[in-house]
Amino acid sequence: MKAIVIQTYGGPEGLAVVDLLAPVAAAGQVVVATEAVGVGGVDTVIRSGALAAYGFKEGHIPGSEVAGTVTAVGDGVDASWIGRRVWAFTGTGGGYVEQALAPVEEIVPLPVNLSAVDAVTLGSSGVVAHFGLRHAHFAPGETVLVRGAAGSIGIMAVQLAARGGAAAVAVTTSSAERGEHLRRLGATHVLDRSGDGGEPAPDGYDVIIDVAAGKDMPSFFDRLNPNGRMVAVGAVAGQPPADFGMKIMAAFQKSMSFATFSAHTVTGADRGAVRSEQFAAASRGEVETVVHEVLPLDAAVLAHQKMDAGEVFGRIVLTP
Ligand SMILES: NC(=O)c1ccc[n+]([C@@H]2O[C@H](COP(=O)([O-])OP(=O)(O)OC[C@H]3O[C@@H](n4cnc5c(N)ncnc54)[C@H](OP(=O)(O)O)[C@@H]3O)[C@@H](O)[C@H]2O)c1
């Protein structure tokens with residue numbers, strides 16, 4: 001089968017198309033014939049070599065979410081899965097392939113009218129947005145800022161906050177066109193990346209969902225309302241400054257909270273339940289998936305070039 005591997009760490013050209021033996025499902029696993037493969041921000045970070053110290057070796061297959069049809073099951077897995085269309089989490093790699101392996105507890109059936117492309121646009125990001133907002137104790141009537149809203153996590157966080165009754169949903173983005181699209185999804189204030197420009201910002205935020213982190217992150221502590229909560233769910237702008245804890249202490253009198261959130265801390269059953277609900281909502285048109293572009297699997301280099309250039313609004317999807 002065709003697969004994409006990281007042959008050399010560094011730029012996108014280090015990705016190569018290779019031919020591998022078809023995988024065999026071990027106990028507890030399924031094989032999914034992939035129709036769509038999501039390209040995530042973390043795939044480009046792994047490809048760059050920045051995570052080499054965490055055990056990612058050259059030869060690694062990037063990608064963690066796929067959708068397609070189950071073609072085989074390992075020992076202990078109900079054979080009735082075979083032939084069903086599913087979304088699947090393949091782990092920290094193994095997604096950019098024609099046939100993917102996934103643990104059976106990480107697959108979710110697809111509604112008949114949800115495309116595989118939409119499923120891999122929503123599958124991981126929707127769960128991060130949902131549980132990120134919950135981790136922030138978001139409640140109806142509160143004012144929310146989504147920082148780094150133009151990615152698939154932010155796009156879902158905006159929709160969930162708006163549907164959840166937020167009094168205002170502000171977003172940061174570098175693009176007026178993306179801002180207009182985010183406004184159609186529920187954003188009420190479109191701000192530049194600094195959080196100041198674009199249009200007058202709300203006076204303060206009860207909740208900040210931060211996909212960006214980076215050196216500017218501490219400047220957003222000051223914009224939290226008393227008892228405000230900021231949850232970092234990503235770090236597309238890199239790590240915050242080393243002294244950011246001091247900045248939290250400087251906001252002491254606001255009783256503000258700062259937290260991180262990783263979907264890995266939610267049980268597989270809870271993630272699966274939320275994914276099923278979100279897939280159903282998307283199939284009814286209640287949630288919009290934003291697909292930046294669909295490219296063939298062997299155009300993974302181009303997909304990563306577009307990611308590195310910051311061109312992507314929503315998600316790039318590869319189709320084998
Ligand atoms: N918490 C979890 O469980 C979990 C799970 C999966 C992934 N993640 C993390 O989530 C992140 C990827 O999320 P995503 O795919 O939604 O994001 P993304 O598409 O990679 O980026 C979102 C947006 O952030 C903005 N941005 C880029 N650089 C920025 C900067 N320097 N300052 C401010 N904004 C900037 C860009 O929009 P504009 O150009 O319009 O500003 C970009 O479109 C990664 O850090 C990944 O590791 C977390």
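The values are calculated or read from the model by the stated rules, or taken from the named source; none is laboratory data. What you are looking at is a predicted structure, and each value in this text was computed from that prediction instead of being measured. In this analysis, Cβ positions are derived from the backbone assuming ideal geometry, glycine residues included, and neighbour counts consider all displayed protein chains. All accessible areas refer to the heavy atoms of the entire protein, side chains included, with ligands and DNA or RNA removed. Shrake-Rupley method; radii C 1.70, N 1.55, O 1.52, S 1.80 Å.
For residue 292, what is the net charge nearby, where nearby means another residue's Cβ is under 14 Å from its Cβ and Lys, Arg count +1, Asp, Glu -1?
-3
Where a Cα-Cα gap under 24 Å defines reach, which lysines qualify for residue 57, not counting those fewer than 8 residues away within the same chain?
2, 306
Over all directions, how big on average is the projection of the convex hull of the alpha-carbon atoms in segment 179-309, in square nanometres?
10.8
Mind grabbing the accessible area of residue 45 for me, 1.4 Å probe, Å², rounded to tens?
60
Of 37, 128, 144, whose Cα points farthest to the positive end of the dipole of segment 16-147 (charges on the beta-carbon: +1 Lys, Arg; -1 Asp, Glu; origin at the Cα centre)?
Of the options given, the answer is 144.
Straight-line reach from residue 247: which aspartates and glutamates fall under 20 Å, measuring Cα to Cα and dropping same-chain residues less than 8 apart?
Cα-Cα hits under 20 Å: 196, 203, 206, 210, 216, 222.
Enter the accessible area per residue of the chain (Å², integer; probe 1.4 Å; all protein chains in place). Working shown, then result.
Values: 13500 Å² over 320 residues.
So the chain comes to 42 Å² accessible per residue, rounded to a whole number.
Go ahead and set up a Gaussian network model of the chain, Cα springs under 10 Å, then flag whichever of 118, 75, 192 fluctuates most.
Taking springs between Cα atoms under 10 Å, the residue moving most is 75.
So how long is each side of the chain along the principal axes, counting just the alpha-carbon atoms, biggest first, in Å?
Per principal axis, max minus min of the Cα coordinates gives 59, 40, 34 Å.
Where Lys and Arg each count +1 and Asp and Glu each count -1, what net charge lies around residue 89 among other residues with Cβ under 12 Å from its Cβ? Don't skip to the answer; put the middle values down first.
Details: positive: 271, 275; negative: 65, 105, 106.
It works out to a net charge of -1.
Work out the FRET efficiency for residue 246 and residue 82 from their Cβ-Cβ distance, taking R0 = 56 Å, and round it to the nearest 0.05.
With R0 = 56 Å, the Cβ-Cβ based efficiency is 0.50.
Which net charge results for the neighbourhood of residue 271, defined as the other residues with beta-carbon distances under 13 angstrom from its beta-carbon, given Lys and Arg at +1 and Asp and Glu at -1?
Local charge sum for residue 271: -3.
May I ask for the equivalent-ellipsoid semi-axes of segment 24-131, computed as the square root of five times each C-alpha gyration tensor eigenvalue and listed largest first in whole Å?
23, 17, 11
Within segment 1-59, report the trypsin sites (Lys or Arg not before Pro) that DSSP leaves as loop and that have at most 14 other Cβ atoms within 10 Å.
Those satisfying the criteria are 57.
Of all the accessible heavy-atom surface of segment 1-89, with the other protein chains kept in place and a 1.4 Å probe, what percent is carbon and sulfur?
Accessible surface attributable to carbon and sulfur in segment 1-89 totals 57 percent.
Rg and Dmax of segment 136-212, Cα atoms, in Å?
10.6, 31
Using Cα centres only, tell me the gap between segment 146-169 and segment 90-121 in whole Å.
Going from one Cα centre to the other spans 24 Å.
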